[in-house]
1. At what distance in angstrom do the alpha carbon centres of region 257-326 and region 25-92 lie from each other?
2. Express the relative contact order of the chain as a whole percentage, based on alpha carbon pairs under 8 Å and six or more residues apart in sequence.
3. Highest first, please rank the peptides 596-605, 122-131 by the mean number of other Cβ atoms sitting within 10 Å of their residues.
4. Using Cα-Cα distances under 8 Å and only pairs 6 or more residues apart, what relative contact order does region 536-690 have, in percent?
5. Using a Förster distance of 56 Å, how high is the FRET efficiency between ASN234 and ALA671, based on the Cβ-Cβ distance and rounded to 0.05?
6. Antiparallel versus total DSSP beta bridges in region 536-690: what percent is that, nearest 5?
7. Determine the shape class of region 55-241: with a ≥ b ≥ c the square roots of the Cα gyration tensor eigenvalues, call it rounded for a/c under 1.5, and otherwise prolate if a/b is greater than b/c, oblate otherwise.
8. Explain nothing, just the number: relative contact order of region 404-561, from Cα pairs under 8 Å at least 6 residues apart, as a whole percent.
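What follows is calculated from the coordinates using simple rules that are stated; it is not laboratory data. Note that this is a predicted model, so its numbers are computed, not measured. We place every Cβ from the backbone using ideal geometry, glycine too, and count neighbours over all the protein chains shown.
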Amino acid sequence: MPFQEPKVILYPKDFDYKKQSIEVPGSRKPGQTGIYLNAVWPELSYDSEQGRHSLYEVFQSGLEHSPNGPCLGHRPIISTNPLAFAPQYEWQTYRQVDERRRNLGSALEHIWQQGRAGGGDLPTIGIWSQNKPEWQIVDLAAQAYSKVTVSLYDTLGPNAVEYSCNHAEITVVFATTPHIPEVLSLAPKLKGLKVLVSMDELSDEARHVASSWAKHRGLEFFTLREFEALGKANYTEPIIPTPEHVYSICYTSGTTGNPKGAILTHGQVAMAIAAAVTGTNFTEPGYLMSYLPLAHIYGRITELAALNFGGGIGYFTGDPLRLLEDAQSLRPTAFPSVPRVLNRIYQAANMAGDVPGLKGNIFRKAVATKLANYRATGKLTHLLWDRLVFSKIQKLLGGRIESITSGSAPISADALDFLRIAFGCDIYNGYGMTETAAIITRVVSGDRNPGDSSGPPQAGVELKLLDVAEMGYTANDKPNPRGEILCRSICNTPGYYKDPENTANTIDAEGWLHTGDIGEIDSAGRLRIIDRVKNIMKLAQGEYVALEKVENAYSGSPCISQIFVHGDSLKDHLIAVIVPDAEHVCNLVKRLHGHTIHVTDEKAVAEAIRDLKVKSALFEEINKQGKKSGLKGFESVKKILLTMDMFTAENGTLTPTFKIKRKEAYTLHKAELDALYNEPLPTTGGMKVKL
C-alpha cells in the first residue's frame, strides 16, 4: 500500500516555551508527582501522522519516496599498506538495498524451512560487526522476514557473548572477518549455532580456512554474497511483521551479573521513530553520519529515522581517528552524537581560538556576541562572525550540519550553548534508555535557555517522579519536584527476555518503567537528570554521597577524560582516579613550558602529568569544576590518583554503554587507592595527588 509522504512535524510558532509539558490535573498520588505530558503531543498512536506499524513499513516509506536515491554509503579501501580510503562515498540506492534485503531474507526463510536453522522460542540471528552498510542490510532483511536480531559486540566480552547466544538460542550468526575466529572458537559452547555467514568478502585461502574450521565445528559456512545468491535462487515474498512481533533482543551488560535482554517489538521501535521525528527541525531527507554503535538502540533509532524519510546514511571507516575525515567527505546534515565526542569538539574549538593577541580577542568577541544574540532572540547565525570565525569550526563536520543530537550521558550547558552557536544549528540534548527505545525526553527546538536539561517528555510519553526519601528527593521539594524518573509509553519494552524477575523489578503493575535515575522537573516542564538511585554510600561523618552525581559533576571539565570516584564508609572524604584528557595535557605543556608534545606520544603525555606545573594546573581546573557544579564540601574529591591508563572493556572496567564498573575499577587500583587513603589530607583545603 502507498505510504503517506513522511514530513517533519514542528512545534507551533506560538509555542509557549514556559509550558513545555503539562501536569495532568488530579493525577498526583502520595509520594509522587502528577503525570507530565508533552504540551503539544500528549498522545501518540499508530494512526498518528508519523505512525508506522512495523519497521518493514519504515523502510518501505523511504523506498517508496526515494527509490533511486542514495541509501547506504561507505568509503571503499583503495590501499591496505598503508591503509587508505577513497576520498568520496560510494552509494547503494534504496532499490538496490531492497533487492539485497529480500535476497538475504529469502535465504534466512529458506534455511529455516529446511530445518537448517531455528528451533528456539524465537527465530533469532546474531550480528557481530562494527557499523557498515551490511549491518543495516542484514537487519533490514530480518525485519522484512520476521526474524529477530541480536547484536553481539566486543564490549560484551566473550562470556557475555556466549551467554547471549545461548540465552537467545541463536542459530545463525553474521560476523565480520575479525570476529569469525572468535565465533568458531566459541562454537563448542554455543549450543544452538548452525550457520555462520561472513559479512566480508574473503580471499580463496581465507574462505577455505574458515569453511574447513566451520565444518569441523559442525557449522554451515557462507559468505554474504553466497548467502544472497541462495536467497535469490529460493526467493519468497516478505513475511510482514505485526506490531507485536519481536524485532530485536538488545542485551545490556550492567556492572554485575549476566546481561539483560530487553525485548524490542516492531510496533515499539516504529513508534519510537515517530516520537523521535515529531518536533524535530531538520530538512529531509538529508545525510546522516553513522558511527554510534548499531549494537545500541540510540544508533539504530537515528538510522531507522533517516530511512523512514528516504535519507542517505554514510558509514564511517571504523577508525575513530578518521571520524572528522569521514565527516568532511560525507558532509552530513544530521550528526547524532554523545558527550564524549561533543566535548572533544568543544574543547578543540575553544583551545584553537582562545589564544593570546588579536586572534584570541576576535574569537572571544565572536563567541560573546553570538551567545548574547542566541539567548536574546534564539538566532543561531551571524553574517560576520560565521564567515570570519565559525565557518572553520563548521567545516570540521563538513560544513552543512543542520541538527546534532546528544544522548547517553550528561553534558554541560556551556558546551551545548557553545556548540549551538559554533555550528549554527539546533542541538537536541535528550534522555532515553534501551528499555524505552531511546525515547523519554528531548530539548525543544528554539528553546533559548535549556541549560543542561533534557527537555520535556517526547510525543506520547507519560512521565512522573517518585519520592526517594532516603536520598532526600521528594515530589514536594522546592523550587522543583525531585525523585526517581518513571515513564510509560507505547515505546517501552514489554520486558526482559526469559527474565520475569528483572522485568517485575523494572516495570510495575501499572506499566510504569522505573529508570533508576533521579530527575527534577523545572517550572517550564523540562526534565533534568541529577543523580542515580543506586551507588549511594555513607561517609564516616554520616553524610550520604551519590558517587555518580559527583562523577558527573567533575566530568563537565574538559581536562577530564575519565573519572572514578571512590568512597570508604570508614573515611570522611572521597578520593578519585582521574584519566586526564591527553590533548588537554598537550596544550597545558605548550602553554606552561613552551614546547610541543603530540597526543599520540603516550610516553611523553604520561611523563607530562608528573610535571609539577601541569599537575597544579590540572588540580586548579578540577577544583574549579567541582565548585562550579555546586558540590558540597563532603562531596568534593580530596585526593586523586592521576593515570593515563584508560578504563576499558578490555581490562574489564567498562560496560558496553561506557559506564565504569565500580567493583572492577576499585580492584584494578586497590593498592594505590588504599595507599592514597592512608596519606594525610592536604592542609590547604585543596587536592592531593598521587601518580
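1. 6 Å
2. 13 percent
3. Highest to lowest by the protection proxy: 122-131, 596-605.
4. Dividing the mean separation by the residue count of region 536-690 yields 23 percent.
5. E between ASN234 and ALA671, to the nearest 0.05, is 0.40.
6. That works out to approximately 60 percent antiparallel.
7. It comes out oblate by the Cα gyration axes.
8. 17 percent
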